[in-house]
Structure formats: structure tokens, C-alpha cells
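Worksheet for the structure shown next.
We did not get these values from a lab; they are worked out from the coordinates using the rules stated. As the structure is a prediction and not an experimental result, all values here were calculated from the model. A quick note on method: Cβ atoms are made from the backbone with ideal geometry, for glycine too, and the neighbour counts reach across all protein chains shown.
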Amino acid sequence: MKLMTLIRKECIEDIFSSRGAALYLVGCGVLSVFSLLLVSNTELSLLDNAQAVYMMAGIIMSLALLISVIRGSDGFAGERDRETLELLLITPVSAVDIGIAKLMGTFVSWLIIFLLSIPYLWAVGSTGQNLWPAFIYIFIAGSFLVLIFGGFMLGLSARMKTFKEVLSIGLTLFLLSASPVILGPSLRQSGIGRLIDHVNPFGSALNMIDSVVVDSQNISFQLPHLATLTICTIFALCFLYATTRRVEL
Amino acid sequence: MTVYPSDIYGFLGPNGSGKTTTLRILCGILLPDRGEVSVLGQNPASQRGLLRQRINILPESHGFYGWMLAGEYLRFFGRLYGLNLTDTDCRMHLQQVGLDSADRRPIRTFSRGMKQRVGIARALLNDPEILFLDEPTNGLDPKGRRDIHDLLLSLNREKGMTIIISTHILDDVERLCNRIAILHDKKIQYEGTLLEEPAEKARTKSGLESTYIACTEKGKQQ
């Protein structure tokens, strides 16, 4: 009951707050612009539908990452800034439960973004191949990313003092994670590029979607990517547990 | 520092003397660097879960979930204490602190004094054996302060609730407390009782004031 109460509070706070609404509005704006470009731009409209879906998937994954970083940074540090953390810490609820509830709140935000993105994916990829597998794998990959980055950022925010401090680290992490996209195809083939691609959960998520949607490869090809994502998720959740076992003001 | 059951214990000291830190250590929110703490026979650091069911605190500066209605706020914290409060329960808790018919209003529309009252209502939700109050009359008008004094005195008399008040308002201490400690420079400079004879109360107030000043001046000289 206590955990559900906390999860409910996190969801209401995330969904009905002006900040939450702004995030979804920005998400929809970004998805609208990209899908419009993919459909109407002369050069982009020549892309294969699967390629267009893959590009949209990259945007959706970035949004998942951004939500995790912002919500995760705000988790404990934001409550600390707003002076509401002390009230939660004096209740008989453990800080681990508070952390889990906040992670679930972030996950619900991701679910909303995923649901909002379905019409856009449909618009750019309905006449092409692998749209249904794309839906499934985007959901799986996004969920992993939210647990990894959300868990890690929440762990940091449990230990660091202010939201700004945590957010600055989170945004740096966001840029580092997005480096496979920034590097471009040729640099990704270099030794360092490959290494980053393999250990980076964001890279693994994109490679998995690429493999499913563009190359139409079956699940056996996705196992290494899924393994990377699973290992990173376990690490992130262990980090969250370790940092929230003892939360101080 | 020793507090006995049913005491109203005044914890005095100038700003920065460590009152809030001590209260946070007693509630298990902060860990002590050294020394031993025992609250209701339990260690606040290692037995937090059990202890928090039996105590509560009104922190000095506490934020609110402004989007919540006052009743919803109490229901939320009630659930965290394992209580399933009805609308009637919430109204009753709010009435107890002088907030009649405020349960359907969002907290962000409340004045500072009203928020302080909601905070006190929240701190009383689990019927704590020990209630820690950090500057409880901050932001309250004279009538509000008197109401809170009366509420705390009745809780102490009727339920035997032990109350520990951290403050530097000597009037609050004089009216409420039977025992006090004066903290300065992170050390207890004085611990003792306040006289209860009505005729001596006037002297006590001035006595308390001079004791307080002497203790804090002594700390400065050291």
C-alpha cells in the first residue's frame, strides 16, 4: 500500500504538473517535426520506410533518455531543493521504496511518450516492412534505457545535493551516450567506435532496432544487444539500491 | 540530554548552534559523527523503520506538495503510516489545528501560518509517542500561536505525549516547557527544569532569559 501510494503520487506529479505537460508537448513537437520532414522533404521521403522508422526510433530513444535524465535528476535532489524530502524520510517508508516509486514514475512517463509516438511511427512506416516488430523492439529498448538511465540518475540524485549538479552530470552522460549517433557510420567502425557501441546501452538499443527494422534479422541476432542492456540494467538497479539504502538530507 | 516520558522539553539555542541537526539525528535522518543516541530505547540510525512509526517531526523549513489539497495531503502521509484516512478523519485532523473547511483547498493557496498548521496536523497523524517540533510557531499570528500552545498542552495532558520543541522564542518555552536544555556551540550549556509555581513564573521568564544569555555568552567567551 505504501509503495503504491508513493507511485501514485509520482505519477500524478509527473503527468499533471506543468513541467510534465511541457515535456510531453516538447516530445510531441519533436516527433511532429521529424515525421513531417520524413514524409514531406524530397530527399528524406525517398528513404525506405524501414529506414524512416529507424530514424524515428532514434528520436524516440533520445526522448526516453532525456525523460530518464530529467526525472532521475529531479528524483531525490529536486525533493531536497523543494524541502519535501525530509517529510518523506521521516515516514516509516524506506528510501529504497521511495527510489523504486520514483523509477516507476519515470517509467510511466516513458509509457506515455511511447503511446504518443505510435501514430507518428504509423505515419512514417505504415506502408513499409517490420512496423510491428519496430513497435515491440522500440518499447523493449526504451524500457531498458529508462531503467538504466533513470536508475543511475536517481542513484546520483540520492547522493548529490542539488538538482542542478545532478542534471549537469546527466546531460553530460546524455551526450556521451548519444556519441554513436554523433560519431557517424565510418567512425563507428573504428576500434573506439565499436567499443563505445558495444558497452553503451544507447548504442545497443539503436543497433538492436536497426537490426530488426532495417536488416530484418531474427531474435538470435539481438541477443548480444539484449545482454548489454540487461547487464547495464542490473548495474543501474544495484547502484540505485546501494545509494538509496542510506539517504541523508 | 535526557528527556523523560510526558515531558515538554524545550531545546534552546541561537541560530547555528546545532538544534536542527540534533533533532534530525534523533529522528534518524542524519547520522551522528560520534556519540550515542537512544530514542524510546531504540537506535534511530539502525531501527529507523520501527521508530518512525512511533515518532513524528515538524521540520523548521518544510516544503509542501502545493498541488495537493489539504485533505489529500493528510491522506497521502496517512497511507505512508499505514492509515487509511477518510474525508471525515482529514477534516477532524484539520479542525484540530484550527483549519475548518480547508480540506478541499490546494495547499499552494495557503498562507504561511496555514501551512504551518497543516504541517502540525501531518505531524500528529500517527499519534506519536514523541513529537519533535522545530520552531513550531514560526509564521503564526498571536492567536495562532496561542492555539498551537493550547493544542500541544492538551496533547501532553490528555495523551501523555512527549514533546520536544526546538526554538529560540523564550515565550513559547516559558508557556509550554517543564524542562529545558540550552545548546550553544554544539554543546549543552545548561539542562534543567522550569519552575511551575504561578507566582514564580514571572521570575522564571526573566530567569530563563538571563540563563539563556549567560549560556550563550559563556559559549562565545570560550
Roughly how crowded by other chains is peptide A:79-89, in terms of the mean Cβ count from those chains within 10 Å of each of its Cβ atoms? 5
Computed Rg/Rh of chain A, alpha carbon atoms with Kirkwood Rh: 0.99
What distance in nm lies between label points placed 7 Å from Cα along the C-beta direction at B:W67 and A:L171? 2.3 nm
Rounded to whole angstrom, the alpha-carbon centroid of segment A:186-217 lies from that of segment A:1-73 at a distance of 21 Å
Using modelled backbone amide H atoms (1.01 Å from N, in-plane), which distant-in-sequence or interchain residues come within less than 5 Å of B:S166's amide H? B:F11, B:L133, B:D134, B:E135
What longest region of chain A stays clear of trypsin sites (Lys or Arg not before Pro) that DSSP places outside H, G, I, E and B and that have at most 16 other Cβ atoms within 10 Å? A:162-244
For the protein assembly as shown, what proportion of DSSP beta bridges, expressed in % and rounded to the nearest 5, is antiparallel? 30 percent
Using 0.36 nm per residue, how much length does the chain from B:R34 to B:D171 gain when fully extended, once their Cα-Cα distance is taken away? 46.0 nm
Summing -39500 (n - 2.57) over the DSSP H runs of n ≥ 4 in chain B and dividing by its residue number, what mean residue ellipticity at 222 nm do you reach, to the nearest 500 deg cm²/dmol? -13000 deg cm²/dmol
Which FRET efficiency, nearest 0.05, do A:V39 and A:Q129 yield, Cβ-Cβ r, R0 30 Å? 0.95
Given a 10 angstrom Cα cut-off, can you work out which residue in A:T230, A:T162, A:T42 is the most mobile in a GNM of chain A? A:T42
Between the alpha carbon centres of segment B:1-74 and segment A:104-159 the gap in Å comes to 41 Å
Average partner chain C-beta neighbours within 10 Å, per residue of B:51-61? 3
Which percent of Cα-Cα pairs in the protein assembly as shown sits in each 20 Å bin, short to long? 22, 43, 24, 10, 1
Once whole DSSP H runs in chain A are found, which of them have Cα atoms spread over 18 Å or more along the helix axis and a mean Kyte-Doolittle score of at least 1.6? A:18-40, A:95-125, A:131-159
Non-local amide H neighbours of B:R179 (under 5 Å, H modeled in plane, Pro and chain starts lacking H): which ones? B:I8, B:G10, B:L194
Listed peptides A:210-218, B:116-124 by packing density, highest first (mean Cβ within 10 Å): B:116-124, A:210-218
FRET efficiency, A:T230 to A:H198 (Cβ-Cβ, R0 22 Å, nearest 0.05): 0.95
